[in-house]
Amino acid sequence: MTDNIVEIDNLSFGYKGRLLHKGINMVFPRGKVVAIMGGSGSGKTTLLRLIGGQIKPSKGEVRVAGEVVHKQDRDGIYKLRRKMGMLFQHGALFTDLSAFDNVAFPMRELTDLPETMIRDLVLMKLNAVGLRGAHALMPTELSGGMARRVALARAIALDPAIIMYDEPFAGLDPISMGVICGLIRSLNDALGATSIIVSHDVKETFLIADYVYFVADGVIAAEGTPNDLMQSTLPFVHQFVHGDKDGPVPFHYPAANYQSELLKTL
Amino acid sequence: MIKSKLLNSITRTLRGVGHRMVERIWRLGAGARLFFLTIIYSGESFKRFHLTLREVYFTGVMSLLIVIVSAFFVGMVLALQGYNTLQKYGSSEAIGVLVALSLVRELGPVVTALLFAGRAGTAITAEIGLMKTTEQLSAMEMMAVNPIARVVAPRFWAGVISMPILASLFSMVGILGGYLVAVPLIGVDDGAFWSQMQANVDFRLDIINGLIKSVVFGVACTMIALFEGFDAPPTAEGVSRATTRTVVISSLTVLGLDFVLTSFMMVI
């Protein structure tokens, strides 16, 4: 068995005539927290959707636990997805179900466990994210950070081998951010899972990631451990990591000459 | 120069018409595909019938008030208008038959379907559209749970079950409304009202045909609402447009289908 639970080989993907990924190679070793970083619109979330089999690559392949994702039929993809848990950007909690029922949802849908056991398991998962006391609350009664934690409890409900996080820190206050950050690392280690984090929050991601890929212009612009990347002199990585206003990613959207545009008569 | 401008404008118009036609055909195909997938994945709706029952409550029970109140007024107006015409020919006792046949054959199924599209159809579209916008459907997919089996099919069968029940209630309450206007208010003979109705309303030709219509409208209205929600662009504007389309397309479909079904029922 290979040490990498997810492997991306020479992957290209595009739509509407625009190539988003141009021959990307990535590996995600078992038990590690690997981050995919890059600017908005660089195709980070699309990579998660490719791993989850929600879309098919134009070229190349994605392998999960040795199986080529896009070659699976519907049942095959569902079988692979049972090994995955995913935390969506805004939680994607089912708004008509309570926190408890949200976490219980995959257990009730995908297993034949008795209700008494489901109750215990749900409370254990909610306890792991610190929200056992909030099990009766509806999603509308939860703060953004709490909703993200309930969604995290739901993502780990069936103890997946791979946990994918889509922008887990977006829109959270510093305390919630710290809590989510700690949970990602501790749950990954406790479950012996592999975590794939898609984010552009450098500080938090570097704190917990074992390895980081930087995606820009459809290719891997840089990769390495957080320490390596902090020291990197590559202009793109330097601009991204230190948040410089201008650099390889320009401040201005491409436009005609400023002076001539102002002087142009209507 | 003018000739080429004219040619360009014609080409643009034709291209626009062609584009819209292709888009409509594509949507029709996608709708048919969703319908067949819903039928294929319907097993879950019956195996776990509580999922369907829950939706019967939201689509059927929650539509009761609007259906009953509308039926009452429709029945009363029918009796008033019918009496006004019938008395000119000295057959005001036939008012019961007129009210009953109008309701059971046409108004019951059609008006119920129009009200259903406005009340329950829009709710279904908005709910599924928002589930899509907030990634709830994607989350379900990623959990290896089929959204068509879990979300679409129970709502579909709930609509199909609710519609004939609502249409029957509409007809019953409408007849009651007609009775209240015709008998206590206008003074038509009580016995004539009911006996003429009993003698002239045929169980198979009128009541069963009316029920068949309401089942067909139930399938059409619910499927349109589900497809529009499922196909809505995941934005606030997309969901709002989809909700509007549900009402417009459902209403036109119901009226068109009513003509087709009535024609067949007349021949058969």
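See the values below:
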| quantity | calculated |
| --- | --- |
| All-pairs alpha carbon distance profile, segment A:107-257, 10 Å steps from 0, percent | 9, 33, 29, 17, 9, 2, 0 |
| Between 0 and 90°, nearest 10: helix B:153-180 axis offset from chain B longest Cα axis | 30 |
| Per-residue average of Cβ from other chains inside 10 Å of A:88-98 | 4 |
| Cβ-based exposure ranking for A:135, A:238, in which fewest neighbours within 10 Å come first | A:238, A:135 |
| Shielding by partners - mean other protein chain Cβ count within 10 Å, residues of B:139-152 | 6 |
| Longest site-free stretch - chain A; sites: trypsin sites (Lys or Arg not before Pro), DSSP loop, at most 13 other Cβ within 10 Å | A:17-244 |
| Average partner coverage of B:125-131, which counts Cβ from other chains inside 10 Å | 1 |
| Exposure proxy ranking, count of Cβ atoms within 10 Å, fewest first, for B:99, A:27, B:110, B:248 | B:248, A:27, B:110, B:99 |
| Cα-Cα separations in chain A greater than 28 Å, expressed as whole percent | 40 |
| Of A:32/A:83; A:22/A:245; A:22/A:56; A:83/B:132; A:16/A:56; A:22/A:59, pairs whose Cα-Cα distance is over 18 Å | A:22/A:245; A:83/B:132 |
| GNM result for chain A, Cα springs below 10 Å: residue of A:196, A:163, A:118 fluctuating most strongly | A:118 |
| Debye equation applied to the C-alpha atoms of segment A:1-123, log10 I(q)/I(0) at 0.21 Å⁻¹ | -1.25 |
| Segment A:49-113 and segment A:6-38: distance between their alpha carbon centers, rounded to Å | 18 |
| Between segment B:2-63 and segment A:168-195, the alpha-carbon center distance in angstrom | 40 |
| Per principal axis, descending, Cα span of the protein assembly as shown in whole Å | 101, 81, 40 |
| 37 °C / 0.692 mPa s Stokes-Einstein diffusion coefficient of segment B:129-268, Kirkwood radius on C-alpha pairs, µm²/s | 182 |
| Candidate aspartates and glutamates for bridging to residue A:71, where Cα separation is under 17 Å - those fewer than 8 sequence places away on the same chain excluded | A:7, A:9, A:61 |
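Values quoted throughout were computed directly from the atomic coordinates according to the rules given, and no laboratory measurement underlies them. Owing to the predicted nature of the structure, the values given are computational and were not obtained by experimental measurement. Backbone-built Cβ (ideal geometry, glycine too); neighbour counts: all protein chains shown.
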